[in-house]
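Here the structure comes first, spelled out in structure tokens, and everything after it is commentary.
The values are calculated or read from the model by the stated rules, or taken from the named source; none is laboratory data. For clarity, every value in this text was computed on a predicted model and none was experimentally measured. Cβ placement follows ideal geometry from the backbone for every residue including glycine, while neighbour counts extend to all protein chains displayed.
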Amino acid sequence: MSEVHLVVTDPSGLHARPAARFVQAASRFTSRIVIRQDGREADAKSLIAILGLTVRPSSQITLAAEGPDADAAITALEAELAPYVGHVG
Amino acid sequence: MGLILISHSGPLVDGLRDMVVQVAGDDVPVATAGGTEDGRLGTSAPRISAAIRSALDAGADDALVLLDLGSAALSLEVALEDFDEAQRARVHVSEAPLVEGAILAAVQASIGASIDDVIAAAQGAASMAKIPRA
């Protein structure tokens, strides 16, 4: 299990294009990967799940992965989200 | 798999294809059939048939059709008569709203999801909230 806590800094939140890139990046890993926000959880490999989470500006999100390539997945996906997020704390 | 976008308007599906490619990338082939043969608003069974054929001939195992409204479904039905049973089995018709369905389906297809998952992603667009609720 690998996870990272992030805060969304982009003024548009996580909108369709970056969300689609994120889903495509997540699908390259075998681990189960989720984004959590406010106690809700979305499958990182499903665009509709990610958009359904409606990640807004200033939201705190957790990126979590579980599986054989969990660490690599978190590193790659954090890099994918880098233009839109900052670290918590 | 390939996507086929059908609308009464050519510019509408051309613009939608641009959006799909920008969001999902260009790995998923997108064929369009918008407007009538003489460039008016409407749907054309021959144009739909040609779009389906181009998707199947391009090597797609499956093709997902998204359409706008009204007679688009009737023209599609006529167009499908041009195909044999084996070909028709590869053509899936979605009830999803055209714009959201196309984008969600294309992204799911771009990650190599199964046709069933792609169909489900498109269908999910029908109940997706447009305006985030606090």
Can you go through A:43, A:38 and tell me which one is of a type in the set (Asp, Glu), on the phi > 0 side of the Ramachandran plot and within 12 Å of chain B (Cβ to nearest Cβ)? A:38
Restricting the range B:111-128 to residues that are of a type outside the set (Gly, Ala, Ser), touching a helix residue (DSSP H, G or I) at 6+ places or on another chain (Cβ under 9 Å) and within 17 Å of residue A:27 (Cβ to Cβ), the one farthest from the other protein chains (Cβ to nearest Cβ) turns out to be B:115
Suppose we filter B:100, B:85 for residues that are of a type in the set (Asp, Glu) and either at positive phi or buried (at least 18 other Cβ atoms within 10 Å of the Cβ) (or both); which single one remains? B:100
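Quick one: which residue in B:62, B:57 is of a type in the set (D, E, K, R), modelled with pLDDT of 95 or more and within 17 Å of residue B:83 (Cα to Cα)?
Numbers: B:57 fails: modelled with pLDDT of 95 or more.
Result: B:62 is the single residue among B:62, B:57 that is of a type in the set (D, E, K, R), modelled with pLDDT of 95 or more and within 17 Å of residue B:83 (Cα to Cα).
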By my count, strands (runs of 3 or more DSSP E) wholly in chain A with at least 2 residues that are within 24 Å of residue B:126 (Cβ to Cβ) and within 10 Å of the chain's Cα centre (by Cα) are A:32-37, A:40-43
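Residue-by-condition table, conditions (1) within 30 Å of residue A:44 (Cα to Cα); (2) not small (Gly, Ala, Ser):
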{"site": "B:57", "(1), (2)": "no, yes"}
{"site": "B:61", "(1), (2)": "yes, yes"}
{"site": "B:67", "(1), (2)": "yes, yes"}
{"site": "B:71", "(1), (2)": "no, no"}
{"site": "B:101", "(1), (2)": "yes, no"}
{"site": "B:113", "(1), (2)": "yes, no"}
{"site": "B:116", "(1), (2)": "yes, yes"}
{"site": "B:119", "(1), (2)": "yes, yes"}
Return a yes/no flag: does the range A:55-74 have any residue that is within 24 Å of residue B:113 (Cα to Cα) and within 13 Å of another protein chain (Cβ to nearest Cβ). yes
When residues of the range A:1-23 are filtered for being within 9 Å of chain B (Cβ to nearest Cβ) and more than 23 Å from residue B:130 (Cβ to Cβ), how many remain? 0
Residue check, residue A:63 touching an Asp or Glu at 6+ places or on another chain (Cβ under 7 Å) and buried (at least 20 other Cβ atoms within 10 Å of the Cβ): yes
